[in-house]
Amino acid sequence: MEIRTVNYQYLQSNHTASRNSEIELMHLACADSGFFTLIDHGLEEDVEKLFEFCSSFFDRAQSEKESVPRSDRYGYVPITNRAIDRERKSGNAEFLDIGLSDEVKSAVIDEYLNEIRSFQSKGVAVALALLRQLTHKIGVAENFFDQKMNDPQCRMRFLHYPRSSGSSDYPLKAHTDYGLITLLATDGTPGLEIRQKDVGWVAIDPPEQSLVVNLGDMLARWTNDRYNSTPHRVRAPKEVSRYSIPFFINPNPDTVIETIQTCVTERRPNMYDPVTAGNYLAARIDGDAEPYIRTEVPD
Ligand SMILES: [Fe+2]
C-alpha cells in the first residue's frame, strides 16, 4: 500500500504554492495514517553509513555484541535464545540503542561515532523543520517547537530482524511509538505493516532512500488526537536479514505537553491532562523491560 510521500525540498521551497501544497500533504498524512515517507531529505549518505555500521555490528560474535552494556535503557539487547547474558530480555530481534550523549561507551561504537552523531544532529533538525511546517496547521506560533527541542531526548535504535526460522511471524510486538516523532530508515527489505482505520493491517513499501516518518503518542496527545499515532509491526523476513534504524525524537524533558487549545472543539473535547515530556517518557519507558517491544495493541 502507498502512504503519502512528502518531498523535503518542496517543504523548504521559497515557492509558496509548492511549499503550501507539500505542507497540506504532510498535514493530511499526520491526521489520518500518522505515517508518511520523506524523500529528498538530504540524509541519504548518512543513512548509507549507518547501515554499514548496522551490518558490521550485528555480524560480530555474540560475546562482542554483549560487550556493549545495557544500562539505563541504552546499549545492546540480544535475541532471547542467542543471549549469553540471559538477564537481557528481548524477542526474536536484536537491537542497539544509542542516545545523543555518551550513555553507552564501547570501542565497537566509537568506530562509527562520527557518522552516528552526524545523522542524529541532522535528523533532529529535519524533525524540527517538519514540526515547524505543521505549526500553522495546528494553530500555534511558528517557533512553538523550537525552544522545546533545544535539548531533546532522543534514542537511535539499530535493529536486526534475522531471517525467520518460522518460529515467529512478528519478532517484536505491534505497538505505537510513545514519543513525539520517529524518523525510520529501512534497508529496502519489506516487512513494515501499519494498522489503518477501517482497513486493518497493510504492508508499507517505502521508496528507495526515503525515511519513513511516523508520529508518536506524545504528539497525538499534544494535538488532542487530531494527529494520529498508529500501531505498526514488522513481519519477519523470509529470505534475508532485515535491518532498520528508527530514530525516536522527543522534546526537552521539562517541556509541558499540554493540549494545544486550537485542537479542542465541541466535538473534540480536551482528553488529556498536562504532563512534562520527561515524566511522560519515563512512565512509558520504565518497567521490567523495554515496553517498546512488549506493548500489545488489540487487533
Ligand atoms: Fe515503532
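Taking the stated definitions as given, is residue 230 within 11 Å of the ligand (Cβ to nearest atom) and in a strand (DSSP E or B)? First the steps, then the outcome.
Values: within 11 Å of the ligand (Cβ to nearest atom): yes; in a strand (DSSP E or B): no.
Considered against the rule, which asks whether it is within 11 Å of the ligand (Cβ to nearest atom) and in a strand (DSSP E or B), residue 230 comes out as no.
Of the residues 256, 240, only one is surrounded by fewer than 21 Cβ atoms within 10 Å (Cβ to Cβ), over 23 Å from residue 157 (Cα atoms) and not charged (D, E, K, R); which? Explain how you work it out, then say what you get.
Values: 240 fails: over 23 Å from residue 157 (Cα atoms).
Only one candidate qualifies: 256.
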Conditions (1) of a type outside the set (S, T, N, Q); (2) without any contact (Cβ under 8 Å) to a residue 60 or more places away in the chain; (3) away from the ligand (no atom under 16 Å from the Cβ); (4) closer than 26 Å to residue 44 by Cα; number of the one not met by residue 112: (2)
Pairs where the first residue, in the range 228-242, is under 24 Å from residue 34 (Cβ atoms) and the second is assigned to a loop (DSSP other than H, G, I, E, B) and near the ligand (Cβ under 10 Å from one of its atoms), C-beta under 6 Å, 6+ apart: 229/176; 229/216; 231/174; 231/176; 233/174
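Taking the options 209, 153, 196, 147, name whichever one is within 13 Å of the chain's Cα centre (by Cα), of a type in the set (S, T, N, Q) and more than 15 Å from the ligand (Cβ to nearest atom).
Details: 209 fails: within 13 Å of the chain's Cα centre (by Cα); 196 fails: within 13 Å of the chain's Cα centre (by Cα); 147 fails: within 13 Å of the chain's Cα centre (by Cα).
Of 209, 153, 196, 147, the one residue that is within 13 Å of the chain's Cα centre (by Cα), of a type in the set (S, T, N, Q) and more than 15 Å from the ligand (Cβ to nearest atom) is 153.
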Test for residue 122: is it at pLDDT 90 or above, within 17 Å of the chain's Cα centre (by Cα) and not in a loop (DSSP other than H, G, I, E, B): yes
Test: residue in the range 167-187 that is closer than 19 Å to residue 43 by Cα and in a loop (DSSP other than H, G, I, E, B): yes
Qualifying helices (runs of 4 or more DSSP H) (wholly inside the range 8-105; at least 1 residues being more than 28 Å from residue 223 (Cα to Cα)): 44-58, 62-65
Some residue of the range 267-274 being over 30 Å from residue 164 (Cβ atoms), assigned to a strand (DSSP E or B) and of a type outside the set (Phe, Trp, Tyr): no
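The values are calculated or read from the model by the stated rules, or taken from the named source; none is laboratory data. Computed from a prediction, not measured in an experiment: that's the story for all the values here. Reconstructed Cβ throughout: ideal geometry from the backbone, glycine too, with neighbour counts over all protein chains shown.
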